Structures are given as C-alpha cells and as structure tokens.
1. Residue 177 passes all but one of (1) crowded, with 20+ Cβ neighbours inside 10 Å; (2) closer than 25 Å to residue 78 by Cβ; (3) in contact with a strand residue (DSSP E or B) (Cβ under 9 Å, 6 or more places away or on another chain); (4) assigned by TED's automatic domain parsing to the domain that holds residue 299; which number fails?
2. Looking at 283, 287, can you tell me which residue is modelled with pLDDT of 95 or more, under 20 Å from the mean Cα position of the chain (by Cα) and part of a helix (DSSP H, G or I)?
3. I need the full set of residues from region 181-236 which are over 16 Å from residue 291 (Cα atoms), out of contact with any helix residue (DSSP H, G or I) (no Cβ under 7 Å at 6 or more places or on another chain) and either surrounded by 21 or more Cβ atoms within 10 Å (Cβ to Cβ) or assigned by TED's automatic domain parsing to the domain that holds residue 53 (or both), in order please.
4. Scan region 100-130 for residues that are farther than 21 Å from residue 61 by Cα and surrounded by fewer than 20 Cβ atoms within 10 Å (Cβ to Cβ) and report the count.
5. Which ones in region 324-352 are within 19 Å of residue 51 (Cα to Cα) and surrounded by fewer than 22 Cβ atoms within 10 Å (Cβ to Cβ)?
6. Only one of (1) closer than 19 Å to residue 332 by Cα; (2) under 21 Å from the mean Cα position of the chain (by Cα); (3) not in a helix (DSSP H, G or I) fails for residue 247. Which number is that?
7. Can you say whether residue 76 is out of contact with any helix residue (DSSP H, G or I) (no Cβ under 7 Å at 6 or more places or on another chain) and more than 19 Å from residue 337 (Cα to Cα), as far as the supplied structure shows?
8. Kindly indicate which of 154, 117, 163 is at pLDDT 95 or above, assigned by TED's automatic domain parsing to the domain that holds residue 346, in contact with a strand residue (DSSP E or B) (Cβ under 7 Å, 6 or more places away or on another chain) and in a strand (DSSP E or B).
C-alpha cells in the first residue's frame with residue numbers, strides 16, 4: 001500500500017486489500033419499490049463515493065460500461081488506530097476528492113458537458129464522510145447544470161454485479177455481505193428490493209474484523225483473516241456454525257466461541273491461530289451460503305448475485321459457485337467492484353430513479 005502525498009498523482013487503483021463498508025444497520029424493512037427507469041436515458045454518469053474509508057469518482061456509460069473508476073483507500077491512514085476514525089476519514093475525503101475527480105474525467109476522456117447525470121452516495125455510512133461527497137455533488141450539479149441523484153450504497157453493491165455482467169437483469173436473488181450488512185434480498189425489477197433475510201446482530205464483515213483482533217491480526221481484519229485461513233485447517237479447531245430458523249443470520253455466538261477457545265488455549269502458536277482463522281471463516285461462509293441455498297430452493301431464480309466487501313473472501317467465492325451450481329447463473333463482482341467504489345454508485349444512480357442527495361447515515365433498503 002502506497003502512502004500518497006496530498007499533491008501526488010493518484011493512480012486509478014490504490015488498494016490491494018479488500019475492505020468493508022461500515023455504515024450502520026437499519027431496522028428490518030418490508031418490500032420497497034421505486035420508479036423503474038433510468039434517470040437520464042443514456043449518456044455518461046459521474047459517480048461519487050465517500051461513505052466510509054474509500055474516496056472514489058467514476059464515469060460510467062449507459063449504466064453498464066466503466067469508463068473510469070478511480071479509488072483511493074485510506075487503509076494506511078487508519079491502520080495505526082485499528083479501525084476507521086470518522087473525523088480523519090472525512091478530512092481525507094475533503095482533501096483528495098477534487099484531484100480524484102479531475103483524474104476520473106481525464107481517464108474517461110470526458111468533460112463536464114459530456115455528463116448527463118451526477119450520482120452520489122447518500123447513505124448508509126459515516127455522516128461526515130457522506131456530507132463531503134454529497135456536498136461536492138451538489139456544487140458540481142449547480143455549477144455544471146447537470147441533474148443530481150442521491151444513491152443508496154446498498155443498492156450500489158447489487159449494481160456492481162451488473163457492471164461485471166452487462167446482460168444481468170432482474171429478477172434476481174442477492175446476498176449482500178459487508179462490514180455492516182448481511183442481507184438476503186430479492187430484486188424483482190430495477191430499484192425494487194425485498195429483504196428476505198438479515199443478521200440479528202453482527203454482520204459478517206464485522207464478525208471477521210472482531211475475530212481478527214482476537215487473533216492479533218492487523219487492520220483491516222477481513223483480508224488478514226482471509227490470508228491466515230489459507231494456511232490453516234478448520235478441522236483441527238472446529239467451531240460451531242451459527243444456525244437460526246428461517247433466513248436470518250447471527251454471528252455473536254460464533255465470536256464468543258472463538259473467545260472461549262482462545263482462553264482455553266492460552267498462547268496459541270502460529271499454526272493454531274491459522275487453524276482457528278480457517279475454522280471461523282468456514283463457519284461464517286457456511287452460514288451465509290446455507291441461507292442462500294434455502295432461499296434459492298424456496299423460490300428458484302435464474303440469476304444470483306453475491307456482492308459487498310466480504311464477497312472478496314476467497315472461500316466464499318469458491319463455495320458460492322458450488323452451492324449455486326447449475327440452478328442459476330452466479331455473478332460475483334471482481335475484487336475491485338466488491339469493495340466501495342464510485343462505479344457501482346454511478347450504475348445504481350442511472351437505473352435507480354431520482355432521490356434527494358441528502359446524507360442519511362442510517363439509510364436502509366427503502367431509500
């Protein structure tokens with residue numbers, strides 16, 4: 001990871017470690033729908049993403065083709081604190097966003113007059129971070145005379161799959177797994193979502209981060225767990241698999257089981273730590289995919305999407321292919337589209353209808 005000077009050129013991709021969004025979870029919503037139509041019909045959409053610890057600007061053509069997707073990760077900035085510091089994150093967005101905007105337009109070969117729409121993340125996320133992005137978007141919209149729409153970050157993860165698979169269309173079944181969300185959703189049409197399962201407590205990404213801290217791993221925890229688990233054997237330190245009736249998730253009991261195991265072991269050696277990481281990862285992945293399997297059995301669907309920051313996990317990607325099999329076409333975004341990025345925001349803005357660009361840190365699937 002390269003630490004950038006504020007005035008240094010910013011490469012198009014400055015991140016080699018998958019992260020996870022950390023917006024707050026909202027209460028369980030019913031089914032939500034919005035007008036099913038592109039906002040701008042055709043043309044270039046400028047996307048802006050600043051919900052947590054990635055600063056990103058993208059240019060997407062017709063909601064499907066990425067012309068530019070510039071991302072700056074703040075991992076180095078927050079590493080010493082063991083997690084995201086909201087005030088530092090917001091200030092870094094504010095400092096870097098103008099340069100990233102210029103670079104995205106340059107890479108896309110576009111000028112403001114070529115744009116048909118500006119789409120900015122309005123939530124969920126950290127309120128100070130969201131305000132930086134929406135504030136920039138409002139200023140650009142006014143200065144350039146271009147329509148503006150606010151975008152739900154959760155919707156963006158689903159639309160990331162459509163960037164990876166341009167012919168992907170609803171209806172589809174989606175598993176959205178990140179630092180703050182573990183949601184099973186049905187998408188009958190563009191901008192319409194029905195939440196059919198979600199976590200009762202910690203999200204999968206949050207559970208990975210906390211387990212990583214217990215095992216003495218660095219920040220960000222998810223990628224560190226992924227790497228360590230590859231050298232471990234889950235069968236040597238088996239952990240319980242969370243299991244609830246219906247399609248809900250719970251990972252708090254699994255975290256407690258890991259904590260007690262570590263207390264019993266005292267000072268585990270490196271191999272035992274790797275075995276524990278593998279066992280924890282396996283329990284989380286099996287729990288996530290068991291519910292996906294049940295949902296697909298209950299109501300078959302020809303398209304399945306697994307997305308969000310945790311969808312960058314190696315084991316989850318491998319096992320998801322096995323679970324879905326030939327029952328449906330499985331789409332998982334490439335790693336750079338799993339984690340937070342503005343291309344997915346531009347795509348969601350293009351297809352998602354018109355919404356106010358008002359920051360809402362606790363936004364759920366209904367907005």
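1. Unmet for residue 177, out of (1) crowded, with 20+ Cβ neighbours inside 10 Å; (2) closer than 25 Å to residue 78 by Cβ; (3) in contact with a strand residue (DSSP E or B) (Cβ under 9 Å, 6 or more places away or on another chain); (4) assigned by TED's automatic domain parsing to the domain that holds residue 299: (4).
2. From the options 283, 287, the qualifying one is 287.
3. Passing the criteria: 193, 206, 223.
4. Counting residues in region 100-130 that are farther than 21 Å from residue 61 by Cα and surrounded by fewer than 20 Cβ atoms within 10 Å (Cβ to Cβ) gives 2.
5. Once the filter is applied, which keeps residues that are within 19 Å of residue 51 (Cα to Cα) and surrounded by fewer than 22 Cβ atoms within 10 Å (Cβ to Cβ), region 324-352 yields 335, 336.
6. Single failed check for residue 247: (1).
7. yes
8. 117
The values are calculated or read from the model by the stated rules, or taken from the named source; none is laboratory data. From a predicted model like this one, the values you see are computed outputs, not experimental measurements. All Cβ positions, glycine included, derive from the backbone under ideal geometry; neighbour counts span all protein chains shown.
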